[in-house]
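The values are calculated or read from the model by the stated rules, or taken from the named source; none is laboratory data. Quantities reported herein were computed from a predicted structural model and do not represent experimental measurements. Positions of Cβ are backbone-derived with ideal geometry, glycine not excepted, and every protein chain shown enters the neighbour counts.
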Amino acid sequence: MKNLFTNLRGDLFGGITAGIVALPLALAFGVSSGLGPSAGLYGAIFISFFAALFGGTNTQISGPTAPMTAVSMVVIAGIIAIYDGSVEKALPAILLIFLLAGLMQIVLGLIGVGKYIRYIPYPVVSGFMTAIGVIILVTQILPAIGYYPKEDDAFVEQFKPQAEEIILDNILKDEAGEGILVLEDFEETIKRAKGITEDDMLKEARTLAKAEASGVIGSIKVLPRALQNINWIELILALSTIIIIYGFKRITTAIPSALVALVVVSGVAYGFGLDYRPIEEIPSGFPLPNLEIFTEFKLSTVTPYFFTALTLALLGAIDSLLTSVVADNMTKTKHNPNKELVGQGIGNSIGAIFGGIPGAGATIRTVVNINAGGKTKLSGMVAGLLLLIILLSLGPVASQIPAAVLAGILVTVGIGVMDYKGLKAIPSMPKDLKLGPLKFSSEVVIMLVVLVLSSVWNLVYAVGVGLVIASLMFMKQMGDLTAERSDVKTLGKEKGWSDEANFPKNLIEEVYIKHVKGPLFFGSTNEFQALADQIPYTASYVIIRLDRMQYMDQSGLYAMEDVLQELNKNKITVLFVDLQRQPRYMMERIDIIPDFIPEEHIFEDFDHCTTWIKNHVKDVY
C-alpha cells in the first residue's frame with residue numbers, strides 16, 4: 001500500500017481508460033446474464049475496486065467476463081424458472097450463489113490453491129473458451145434481430161396448457177403442505193383453481209416460452225420462427241454496432257471501438273427517434289446492499305447449486321490468474337496467485353451483496369491499463385470509481401441505450417473469446433489414440449468433448465468430464481512411457497550395470513537379476529507382475545535392483561506383494577538392493593518387510609549383495 005501513489009498520473013490515466021473500455025462490456029454482460037444492465041455495472045464497480053485493493057496483481061483490471069457471465073446465465077435462468085419467472089423473487093437466491101462463489105475463492109486463496117491452477121490441461125481450457133464464444137454468439141442472435149420469444153403471442157399460446165397444469169400442480173402441492181388436501185373434500189382446491197386468472201396463465205406460459213428458447217439448443221430451435229419475425233430496425237442497429245467495432249479498430253486503437261459504437265449508434269437511434277427497444281432502466285443513486293440474501297437465507301436453495309458455485313469460483317480463479325500471467329509478461333513483474341484469489345473472492349463477495357454479477361481478471365482491460373500507464377493497484381481502483389461516477393451521473397442516459405446495440409457488442413465478444421489458436425492446431429496434433437483402423441489425437445478429443453458438452457449440455461459438468469478424461473489420458477500415457485523404460489530382463493540377456501561386472505559367472509543360472517527403472521505404479525504393474533513367469537527353472541534366487549525405483553503407489557505395492565507371494569510359494573529367495581525410502585515405508589506398512597523380505601535380505605549396494613550370494617549360493621548348473 002505504501003507504493004500506491006508512486007505512479008499517480010499513469011495509474012489515473014490507465015484506470016480511466018480501462019473503465020471506459022469496461023463500460024459497454026459491463027452493460028452488455030449484465031443484459032446477457034438475465035439480471036439487467038445494472039447488475040453488470042454493479043459487478044464491474046465493486047469487483048474492479050476491491051479485487052485491485054486486496055489482490056496480488058498490481059495492474060489487474062477485474063469485472064464481468066464472458067466465461068463468468070456464461071456460467072452465471074445458466075444459474076440465473078435455472079433459479080428464475082423455480083420462482084415462476086420472477087427476477088425480483090429469485091434475486092436473493094441468485095446473489096447468494098454468487099456470494100458463496102466469492103467466499104469459496106477466498107478460501108481457495110487462503111489454503112494456497114492458486115499455484116495449482118496452472119495444472120489444468122490446455123485442451124480443457126481451450127474447449128471451454130471456444131464453447132463460451134459459441135454460447136454467447138448463438139444466444140445473441142435472437143436479441144440482435146429483435147425477437148423475444150416470451151413476447152411472441154403465437155409462440156406463447158403453445159405453452160398455455162402446460163402452464164395450466166403447472167399452476168394446478170402448485171395448488172395441490174401447497175394444499176398438501178398445509179395439510180388440507182383430502183380426498184373427501186376438494187372444495188378448497190376448486191375454490192383456488194377458480195381464482196386462476198388469464199394473466200396468471202399468460203405469465204406462466206411466457207416463463208415456459210422463455211425457458212424453451214434459452215441456451216444454444218433453445219435458440220437454434222426457435223431461430224426459424226425468429227427469422228420470420230425480424231425487427232429490421234433492431235437488426236440494423238446490431239449490424240451497425242458490429243461494423244463500427246471492427247471498422248474503427250482499423251482507424252485507431254487509442255479509443256475503444258466498443259465505446260465508439262455504443263455512443264454513435266445509441267445517439268443516432270435516440271436522436272432520430274427510432275422505434276427501438278431500450279435496455280432496462282438503470283436505477284439512479286448509489287447501489288444499496290441486498291440484505292434479503294441473509295434475511296431470506298435457505299440452505300435448500302444453496303445446496304443444489306453448491307458445485308455450480310465452486311465452478312464459478314474455479315473458473316474465476318483460472319480466468320484471473322491467466323490474466324495475471326499476461327500482466328507479468330508485459331510488466332516484467334511477479335504476481336502473488338493466492339493473494340490474487342483472495343482479492344477476487346472479496347470483490348465477488350461484495351459485488352454479490354450489492355446485486356452485481358460475478359467477474360474475474362479481464363485480459364483486454366488489463367492490457368489497456370498497462371499500455372495507458374497503469375502500474376499499481378490504484379489503476380484498478382480508479383476504474384471502479386469511474387464506473388461508479390458514470391452510474392451516479394449518467395444512469396438515466398444509459399437507460400436509453402438500444403438492447404440491440406449491446407447484442408451487437410456481445411456478438412463481437414463471442415467471436416473474440418474463442419480459442420482460434422487451439423482450433424487451428426487440430427490438424428497438426430499427434431494422433432496417439434487408436435480405435436480400430438482410425439487414429440485420433442487425445443488432446444483434440446478432450447477439447448471437442450468439452451466444446452460440445454459445454455455448448456449443448458452443461459458448462460459445469462462438461463469441465464468435470466473434460467478433466468476426468470484428460471487425467472485418464474495422462475495416466476495412460478505416463479504408464480505406457482514408464483512401462484517402455486522399465487526393463488525386465490535377466491543379467492544374461494541384458495547388458496549389466498557397471499557394478500555387476502564382477503558378479504560370479506558360474507552363478508548366472510542360479511541367480512536371476514531384475515532391474516526396475518522408474519516408479520512402480522498402476523501404469524506399470526502388469527509388466528512387474530509377469531516376473532514370476534520369466535524366471536528360468538534353474539534360478540532359486542532373485543535379486544531385485546531398486547536403485548532407480550524411488551516411488552510406488554498402492555497399486556504398485558500390492559503388485560509387489562503378489563509377486564513376492566508367488567516367488568515365496570515357489571521357494572525362491574528374493575533379495576532387495578538399494579531399497580529407497582518411500583517404497584520401503586510403503587512395504588513396511590503392510591509387513592512385506594519383514595514377512596516376505598527379512599532385513600538380512602536387504603542390501604545397501606550390489607557389492608554387499610554379491611558377497612552374500614558368494615557365501616550362500618551353490619553352483620548347481
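Can you find a residue in the range 2-23 that is assigned to a loop (DSSP other than H, G, I, E, B) and free of Cβ contacts under 8 Å to residues at least 24 places away in the same chain?
Within the range 2-23 (the criterion being assigned to a loop (DSSP other than H, G, I, E, B) and free of Cβ contacts under 8 Å to residues at least 24 places away in the same chain), the answer is yes, since at least one residue qualifies.
Considering Gly127, Gly112, which residue is in contact with a helix residue (DSSP H, G or I) (Cβ under 6 Å, 6 or more places away or on another chain) and surrounded by fewer than 24 Cβ atoms within 10 Å (Cβ to Cβ)? Full working, then the answer.
Details: Gly127 fails: surrounded by fewer than 24 Cβ atoms within 10 Å (Cβ to Cβ).
The match here is Gly112.
Of everything in the range 490-521 that's at pLDDT below 70 and exposed (fewer than 13 other Cβ atoms within 10 Å of the Cβ), which residue is nearest to Lys618 (Cα to Cα)?
Filtering first and then ranking leaves Gly492.
So how many residues does the range 370-397 have that are modelled with pLDDT of 85 or more and assigned to a helix (DSSP H, G or I)?
Result for the range 370-397: 17.
Of everything in the range 407-459, what is touching a Ser or Thr at 6+ places or on another chain (Cβ under 6 Å), in contact (Cβ under 8 Å) with a residue 60 or more places away in the chain and part of a loop (DSSP other than H, G, I, E, B)? Give them in sequence order.
Met418, Asp419
Restrict the check to the range 233-242 and report whether at least one residue is exposed (fewer than 14 other Cβ atoms within 10 Å of the Cβ), more than 30 Å from Leu208 (Cβ to Cβ), modelled with pLDDT of 90 or more and over 32 Å from the mean Cα position of the chain (by Cα).
no
Considering (1) in contact with an Asp or Glu (Cβ under 7 Å, 6 or more places away or on another chain); (2) over 23 Å from Phe286 (Cα atoms), say which one Pro92 fails and leave the rest.
The one condition Pro92 does not meet is (2).
Looking at the structure I just gave you, is Leu103 of a type outside the set (Asp, Glu) and not in a helix (DSSP H, G or I)?
Numbers: of a type outside the set (Asp, Glu): yes; not in a helix (DSSP H, G or I): no.
No.
Within the bounds of the range 283-304, is there any residue that is surrounded by 12 or more Cβ atoms within 10 Å (Cβ to Cβ), of a type in the set (Lys, Arg) and assigned by TED's automatic domain parsing to the domain that holds Ser349? Before you say what the answer is, go through the steps one by one.
Filtering the range 283-304 down to residues surrounded by 12 or more Cβ atoms within 10 Å (Cβ to Cβ) leaves 283-284, 287, 289-290, 292-294, 296-297, 301-302, 304.
Right, trim to of a type in the set (Lys, Arg) and you get none.
There is no residue in the range 283-304 that is surrounded by 12 or more Cβ atoms within 10 Å (Cβ to Cβ), of a type in the set (Lys, Arg) and assigned by TED's automatic domain parsing to the domain that holds Ser349.
Across the range 346-367, which residue is nearest to Asp11 (Cα to Cα) among those that are among the aliphatic types (A, V, I, L, M) and crowded, with 24+ Cβ neighbours inside 10 Å?
Ala362
Considering Leu291, Leu274, Leu299, Leu314, which residue is over 29 Å from Phe128 (Cβ atoms), among the aliphatic types (A, V, I, L, M) and touching a residue at least 24 places away in the same chain (Cβ under 8 Å)?
Numbers: Leu291 fails: touching a residue at least 24 places away in the same chain (Cβ under 8 Å); Leu299 fails: touching a residue at least 24 places away in the same chain (Cβ under 8 Å); Leu314 fails: over 29 Å from Phe128 (Cβ atoms).
Step by step, each of Leu291, Leu274, Leu299, Leu314 is checked, and only Leu274 is over 29 Å from Phe128 (Cβ atoms), among the aliphatic types (A, V, I, L, M) and touching a residue at least 24 places away in the same chain (Cβ under 8 Å).
Enumerate the pairs (first residue in the range 203-228 and outside any helix (DSSP H, G or I); second residue anywhere and of a type in the set (A, V, I, L, M)) with beta-carbon separation below 6 Å, excluding pairs fewer than 6 apart on the same chain, so at least 6 apart or on different chains.
Short answer, once both residue conditions are applied: Ala213/Val222; Ser214/Ala77.
Can you tell me which residues in the range 552-579 are at pLDDT 90 or above and out of contact with any Phe, Trp or Tyr (no Cβ under 8 Å at 6 or more places or on another chain)?
Across the range 552-579, the qualifying residue is only Leu579.
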